[in-house]
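Data first, discussion second: the structure below is written as structure tokens.
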Amino acid sequence: MAEAQQQQQDEDLVLSFFPDPPPFFRHFTSENQERLKKIEQETATDEDDKSNSNHGSKLSAEHILALPTELRYLIPPEPPVDNEEFKVFGEAAKATGSDVFTKNMEFISHAIKEEGVLPEWTYEQLFPTTTSDPNISSTPATLDRQSYLFRFLRSILLSYISLLGIVATDPLSSAKDDQIANILTMVTNIHALINEYRPHQARETLIVKMEEQLERKRKEVEGVKRMRERVREVLHGFEEDIPGKKDEVMVGNALEREDDNNKMGQRDMWQTLDELLA
């Protein structure tokens, strides 16, 4: 008996691999929706609330708390504010999106501080975010990213050469940390500039994928056309192999030739009459 119960429990575990849905899904019925709609219309204070009752609940907090439990689940929560943080799989997020690059820079700064290397380093953006006109924001057309990338690369090379000179003369000099911080700042700025090419990369990747899909569809269409011609040839061969079909074809051709000869004779007769009457 115990073994049978254990086997049944094991089967239940296998069958319930996915979790059960939340129990309140049973409250989403047409009857409950009609009840909630009537309550909203009764508690509406003006015509605007009545007209907008279908677009969302206009009930106050007191009215919502006074509702039956099965009707409270039908009222969706208020959407979060743009700057309000909420958790998604344990990670903080915002409705406007999260700045992943800034978080990465904060993580790098925190990590090197824990290691005791460059405890005062923080990310500093060295390329402009706006043009000379403060009313015009920089766009891919106004910001020459390639020029700034070359500048940062040359500066990194010069800073590295300077760092080698400092280490060769005085390895314990504080100027060494300054040069390392400068190199790290320029490397992170290069990383930030390269990240701004990602929308262009995504667009070009999408274009390539669509072109590949279009070419594949064209090849499929050409294959269908070739198969159609082959089927026609096979059917034509079957038609020629039918007994008596050749005789019918020959008779048809003979009738066509006879008709053509009659037309030629009539044409010659009318031409002769024209010559005599002339």
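The values are calculated or read from the model by the stated rules, or taken from the named source; none is laboratory data. Please read these numbers as outputs of a predicted model, since none were measured by experiment. Quick reminder, even Gly has a Cβ in these numbers, built from the backbone with ideal geometry, and neighbours come from all protein chains shown.
Some observations on this one:
- Count - residues of the stretch 70-129 that are part of a loop (DSSP other than H, G, I, E, B) and not aliphatic (A, V, I, L, M): 27
- Only one of the numbered conditions (1) in the same structural domain as G116 (by TED's automatic domain parsing); (2) surrounded by 10 or more Cβ atoms within 10 Å (Cβ to Cβ); (3) not hydrophobic (A, V, I, L, M, F, W, C) is not met by P171, and that is (2).
- Once the stretch 122-165 is narrowed to residues that are modelled with pLDDT of 75 or more and touching an Asp or Glu at 6+ places or on another chain (Cβ under 9 Å), the residue that is surrounded by the fewest Cβ atoms within 10 Å (Cβ to Cβ) is T122.
- Selection from the stretch 179-207 of residues that are among the acidic types (D, E) and at pLDDT 90 or above: E204
- Within the stretch 86-119, the set of residues being modelled with pLDDT of 80 or more and β-branched (V, I, T) comprises T102, I108, I112, V117.
- Which numbered condition I75 misses (of (1) modelled with pLDDT under 80; (2) touching a Ser or Thr at 6+ places or on another chain (Cβ under 9 Å); (3) more than 23 Å from E196 (Cβ to Cβ); (4) among the β-branched types (V, I, T)): (1)
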